[in-house]
Each structure stands twice: as structure tokens, then as C-alpha cells.
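The values are calculated or read from the model by the stated rules, or taken from the named source; none is laboratory data. Here the structure is a predicted model, which means the values were calculated and not measured. Note: ideal-geometry Cβ built from the backbone for every residue, glycine included; neighbour counts use all protein chains shown. Side chains are part of the model used for accessible areas, which takes the heavy atoms of the whole protein and leaves out ligands, DNA and RNA. Shrake-Rupley method; radii C 1.70, N 1.55, O 1.52, S 1.80 Å.
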Amino acid sequence: SFTYVVSSPLTLQIVGPGTVSGATNRQALEIGKSYTLTATPGREARFVGWSGSQQSASARLTFTAQANTVLIATFADSGKPVVVISAPTANARLLEPSVPLRGTATDNQAVTQVRYELNGAAAVPAQGTTNWSAQLSLRPGVNTVVVKASDAAGNESLPVSRSFTYVVSSPLTLQ
């Protein structure tokens, strides 16, 4: 005696930083049998949901295999970039009205933009991403710059601020 088993290959797609356990892409599944898959986000990622033949927001998906089952596990980056200002130094006393602003930015995927605000003005893009820079035009007295980085997923770094003073000097005349 024998049992004839009808099977169909599973089409399993993984979108974004994560893994799926319980079955693999193109694995033959027995039609009518129940299977459970578990989606696990990668580092600094989150599980978005299942789509295709079944929809669910739960990372654990139990389904009954059918012909041409297609399952898509979608993950999204949730890691925030980190931005660092390397110049000018905090509380520096500067003698020139134009100074370079420099720093670095890192992310678990990729930094797409670095923006800075000087003295509360509108944010302006810096040049570069992982190593970035801008030229600042200072006003006399204390100046404050705030810098943020963002990534392709729309995650934004915590703001980093730095204050420094532009000292206007004039020649001293003795009589």
C-alpha cells in the first residue's frame, strides 16, 4: 500500500534585513498540510508583515499549503544613524567669520543625508554623508549648530549640537 502525496513548491521571498525559519524558497510542501513559518528581523530592523497568499502582521505565520503558495516576509530598517561633529571644537573661540563644519555619520544600512542648522535657521544639506562638511558664516558672539543624519528608511539620528564663539577683533590703538 502506498499514499500518493501532492506537493507544490513554496515561493518564499524575503524583503529587507531579516530571515525566515520553518521552510525555504522552492521547498516542496504537501498540499493540505499545515506549516508554520517564523520571521526574525535582523539587527536594528523590525518585521513589517507577511503578504502574498497569506497576509499577517504577526511574525509567526501558520498556513495550509496550496498549489502555487507565495509568501513574502517584509522587514524594515529601524536603526537610527549616529552623527558626530569633529570641528569646530565645543566652546571654541574663533577669530574668522567663515569656518568649516566637519564630522562623520554612520548607520546600520547607509546614511543618505546630513543636514545642519546654524543659529536656528532652516536646515541645510551638508556635503557628503559618512564624512560630511559645510562652510559656516558666523555672526559675532555665540553661534550654535545642530546636525542630524538620515537614512533611506527615513530614520533620523538624534540631534547633535555644538556652540562656539566668533570673536570680532579690531586693532588696539594706543595714544
| request: Of the options Ser161, Thr130, Ala28, report the single residue whose Cα projects farthest towards the positive end of the charge dipole of the chain (beta-carbon charges: Lys, Arg +1; Asp, Glu -1). | output: Ser161
| note | Extension length gain for Thr3 and Ala121 (0.36 nm per residue less Cα distance), in nm, is 35.0 nm
| query | Using Cα-only point scatterers and the Debye equation, what is log10 of I(q)/I(0) for segment 3-56 at each q in 0.15, 0.23 Å⁻¹, rounded to two decimals? | reply | -0.48, -0.97
| query | Relative to the compact globular guide of 2.2 N^0.38 Å, what is the alpha carbon radius of gyration of segment 34-84, as a ratio? | reply | 1.42
| request: Pick out which of Ile85, Ile31, Ile14 has the largest mean-square fluctuation in a Gaussian network model of the chain, springs linking Cα atoms closer than 10 Å. | output: Ile31
| message | Quick check for you: with a 1.4 Å probe and neighbouring chains kept, what is the accessible area per residue of the chain, in Å²? | response | 59 Å²
| query | Can you give the extra length, in nm with one decimal, that the chain gains between Val70 and Leu174 once fully stretched, where that is 0.36 nm per residue apart less the Cα-Cα distance? | reply | 28.8 nm
| At Arg43 and Thr130, where each label point lies 7 Å from the Cα along Cα→Cβ, what is the point-to-point distance in nanometres? | 1.5 nm
| Counting Lys and Arg as +1 and Asp and Glu as -1, each charge on the Cβ, what is the dipole of the chain about the Cα centre in debye, to the nearest 20? | 160 debye
| remark: Expected max-MSF residue from Ala28, Ala76, Ala59 in the GNM of the chain (alpha carbon, under 10 Å) is Ala28
| query | Roughly how many percent of the accessible protein surface of segment 1-115 is carbon and sulfur, given a 1.4 Å probe and a whole-percent answer? | reply | 51 percent
| When only alpha-carbon atoms count, how far does segment 71-175 stretch along each of its three principal axes, as whole angstroms with the largest first? | 87, 21, 19
| task | Using R₀ = 41 Å, calculate the FRET efficiency as 1/(1 + (r/R₀)^6) where r is the Cβ-Cβ separation of Ser137 and Val15; round to 0.05. | result | 0.40
| field | Sites excluded, chymotrypsin sites (Phe, Trp or Tyr not before Pro) in DSSP loops with at most 14 other C-beta within 10 Å, longest stretch of the chain | value | 5-175
| remark: Everything considered on the Cα gyration tensor (a ≥ b ≥ c; rounded for a/c under 1.5, else prolate if a/b is larger than b/c, else oblate), segment 81-136 must be described as prolate
| From largest to smallest, what semi-axes in whole angstrom does segment 21-115 give when each is the square root of 5 times an eigenvalue of its alpha carbon gyration tensor? | 51, 10, 9
| query | Which value in Å is the Kirkwood Rh of the chain over different Cα pairs? | reply | 20.2 Å
| message | Could you give the length gained by full extension between Thr89 and Thr62, i.e. 0.36 nm per residue of separation minus their alpha carbon distance, to one decimal place? | response | 4.1 nm
| query | Exactly which trypsin sites (Lys or Arg not before Pro) in segment 1-55 are in a DSSP loop and have at most 13 other Cβ atoms within 10 Å? | reply | Arg26, Lys33, Arg43
